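This report concerns only the one structure given below.
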Amino acid sequence: MNSAVTEPGLSRGERDLEQAVEQHELPVYIQRPGIGHAPVLSSERDPVADCLPGIRPENLGDPAFIARHRVRFPYICGEMANGIATVEMVRESARTGWLGFFGAAGCTLDRIEQAMIRLRSECADRSWGSNLIHSPQEPQLEEKTVDIYLGRQVRRVSASAFMTMRPSIVRYACSGLSQSSDGSVIRRNFVFAKVSRPEVAQHFLSPAPEPILQALIESRAITPLEAALARRIPVAEDVTVEADSGGHTDNRPLTALLPAILALRDELQARHRFAVPARIGAAGSIGTPGAVSAAFAMGAAYVLTGSINQSARESGLSEEGKKLLAAATIADVIMAPAGDMFELGVKVQVLKRGIFFPLRAAKLLEIYRSYESLEQIPAAVIASLEKDIFRQTIARVWEETRRYFEGSDPRQVERAERDPKYRMALVFRWYLGRSSQWAIEGDASRRVDYQIWCGPAMGAFNAWAAGSFLEPIENRAVAEIGLNLLYGATAISRAQQLRTAGVAVPQRLFSFVPRPLKNLRAEPARA
């Protein structure tokens with residue numbers, strides 16, 4: 001091996017090991033001199049030595065994922081809602097060589113359309129996508145968002161928070177299906193399904209339900225040929241297993257959830273014999289190179305990061321929100337009621353350090369479950385809500401809410417006027433909706449009410465970045481974050497490769513210190 005070292009005072013064997021891990025893209029030969037002697041590493045070809053091939057970040061995941069989506073790396077920058085995953089974040093992801101998804105959930109239809117226009121222009125022929133979130137209270141919002149995606153030729157959509165199959169996502173997946181000369185199905189649109197339960201994954205890993213296909217044919221949303229071809233493929237060719245993540249999550253450990261979904265995929269593939277087996281990716285609690293390496297070791301086709309990117313320069317979160325995230329530890333997260341599924345009791349994982357939002361949102365849910373209308377709530381409780389949470393009268397909150405829905409969906413107002421409990425839900429959802437906007441806008445007067453979706457990956461990332469160039473938030477860019485995770489995971493994979501070959505690898509070589517792009521091995525060219 002070359003004698004260059006990164007640490008002085010190391011023995012020849014330690015130097016060789018360190019260099020073998022650092023120069024992971026090069027092959028390593030292991031000479032075995034005999035019983036009782038340690039293996040000797042060499043970079044020179046030896047016909048009698050064991051050869052460990054070089055590893056690059058491009059090699060970590062499923063080659064089919066890279067080929068199918070025309071990216072360099074098996075990596076996705078996920079879609080943080082309310083536009084926190086900005087156009088700039090998606091554009092930088094595409095330039096760097098991986099997929100990025102725009103955070104369309106919670107955005108107005110006009111904002112979504114304008115973002116799609118920009119991305120179509122700024123990403124040119126690179127791959128990118130946008131989010132479609134399940135909206136049980138506003139099903140027409142799903143359909144109108146799909147209209148935008150189809151009209152603007154958005155070829156990749158990440159479907160999140162779906163609990164069952166919906167016509168909106170089936171229509172998107174089936175639109176434009178065609179058949180090649182050899183009879184195979186050609187997809188025009190790709191669904192990336194985020195799932196955290198096997199029963200939900202099964203919907204996406206199977207062909208579209210027949211009743212939905214028939215209804216779409218009857219409404220002329222899809223053609224009979226498109227429906228026929230849809231019966232031969234799964235709704236989603238890429239399924240992201242979402243473990244203990246920020247936002248909507250079931251808090252499942254990745255080591256339990258990912259193998260279960262991989263086994264389900266294999267079972268459904270054996271049953272349906274799809275020409276192209278679905279690929280299973282990993283998300284949730286991924287914020288360090290070790291976590292990335294572990295996900296790939298378990299068989300993930302790709303990895304997706306979310307929480308950690310909110311602290312990046314390109315994030316749509318305010319500077320104050322980013323500072324709060326940068327101070328978070330692994331334990332600084334908690335589950336709180338979700339604004340989009342408030343009445344169902346669905347929860348999202350959020351930041352709790354220095355923030356009152358989780359407790360206040362939980363209080364609103366408790367009150368909602370205890371009373372049938374705003375009028376039934378005791379006067380003392382109303383006074384407390386108006387003083388501490390709403391900071392204005394409930395009448396003014398309702399008036400603002402009513403004006404909003406009169407412009408976006410008048411049916412919500414009509415229902416609220418008929419159903420007092422639903423009116424109470426809309427009033428309470430005002431706080432849950434505004435709390436995320438205060439975090440995006442950086443409203444200093446509402447700092448304790450910020451709703452910042454966050455999983456334990458953020459704390460793990462901060463601990464890893466501490467003392468390195470990535471600790472200051474001004475240095476956190478999506479390219480710097482993602483490439484350090486990928487190259488770090490590759491170095492750790494090489495260390496494990498050496499260990500499985502019988503080499504005693506020091507524990508310190510299973511860590512990777514973040515470094516600027518210019519100091520990464522084989523730094524990729526960026527257009």
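FYI, it's all coordinate maths here, none of it is from the lab. Computed from a prediction, not measured in an experiment: that's the story for all the values here. Every residue, glycine among them, receives a Cβ derived from its backbone with ideal geometry; neighbour counts consider all protein chains shown.
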Report summary line: A correct Stokes-Einstein calculation for region 323-449, using the alpha-carbon Kirkwood radius, 37 °C and 0.692 mPa s, returns a whole-number D in µm² s⁻¹ of 214
Report summary line: Interchain or sequence-distant (5+) residues whose placed amide H lies within less than 5 Å of the amide H of residue 158 are 130, 131, 132, 192
**Report entry** Farthest positive-ward along the chain dipole, Cα basis, beta-carbon charges - from 324, 130, 49
**Finding:** 49
Query - Antiparallel bridge percentage (DSSP; both residues within region 59-305; nearest 5) - result: 5
**Report entry** For region 216-231, Karplus couplings with θ = phi - 60° (6.51, -1.76, 1.60), whole Hz, Gly/Pro x
**Finding:** 5, 5, 5, 8, 6, 6, 9, 8, x, 5, 4, 5, 4, 5, 5, 5
Query raised in the report: By how many degrees, between 0 and 90 and to the nearest 10, does the Cα long axis of helix 357-370 differ from the longest principal axis of the chain?
Result: 40
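Among 488-496, 259-267, what's the highest-first ranking by average C-beta atoms within 10 angstrom per residue? Let's see the in-between values first.
Values: 488-496: 23.9, 259-267: 16.6.
By packing density, highest mean first, the sequence is 488-496, 259-267.
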**Report entry** Spatial extent of region 59-305: Rg and Dmax, with the Cα atoms as the point set, Å
**Finding:** 16.7, 50
Query raised in the report: Residue-wise, which Karplus ³J(HN,Hα) couplings in Hz belong to region 253-258, taking 6.51 cos²θ - 1.76 cosθ + 1.60, θ = phi - 60°, and x for glycine or proline?
Result: x, 4, 5, 8, 6, 4
Query raised in the report: In debye to the nearest 20, how big a dipole does region 59-305 give about its Cα centre with +1 on each Lys and Arg Cβ and -1 on each Asp and Glu Cβ?
Result: 560
Query raised in the report: Using a simple charge model, +1 on the beta-carbon of Lys and Arg, -1 on the beta-carbon of Asp and Glu, nothing else, what dipole does the chain show about its Cα centre, in debye to the nearest 20?
Result: 320
**Report entry** Loop-located trypsin sites (Lys or Arg not before Pro) in region 218-255, at most 14 other Cβ atoms within 10 Å (DSSP)
**Finding:** 220, 231
Requested in this report: Determine ³J(HN,Hα), in whole Hz, for all residues of region 299-314 in sequence, where each value follows from phi through the Karplus function 6.51 cos²θ - 1.76 cosθ + 1.60 and θ = phi - 60°; x replaces Gly and Pro.
Outcome: x, 5, 6, 7, 10, 10, 10, x, 3, 5, 6, 5, 8, 7, 4, 7
Report summary line: Taking alpha-carbon centroids only, region 374-405 lies from region 435-471 a number of Å equal to 28
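So if each residue of separation counts as 0.36 nm, and I subtract the Cα-Cα distance between residue 266 and residue 323, what length gain in nm does that give? Intermediate results must be reported in sequence, preceding the final value.
Numbers: separation 57, 0.36 × 57 = 20.52 nm, distance 4.29 nm.
Here the segment from residue 266 to residue 323 would lengthen by 16.2 nm.
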Query raised in the report: Between residue 331 and residue 373, what length comes free when the chain is fully extended (0.36 nm per residue of separation minus the Cα-Cα distance, one decimal in nm)?
Result: 11.5 nm
Query raised in the report: So, how do all the Cα-to-Cα distances of the chain break down into 20 Å bins, in percent, from 0 on up?
Result: 21, 51, 24, 4, 0
Report task. Which order do the peptides 301-313, 66-78, 116-128 take when ranked by the mean count of other beta-carbon atoms within 10 Å per residue, highest first? Result -> 301-313, 66-78, 116-128
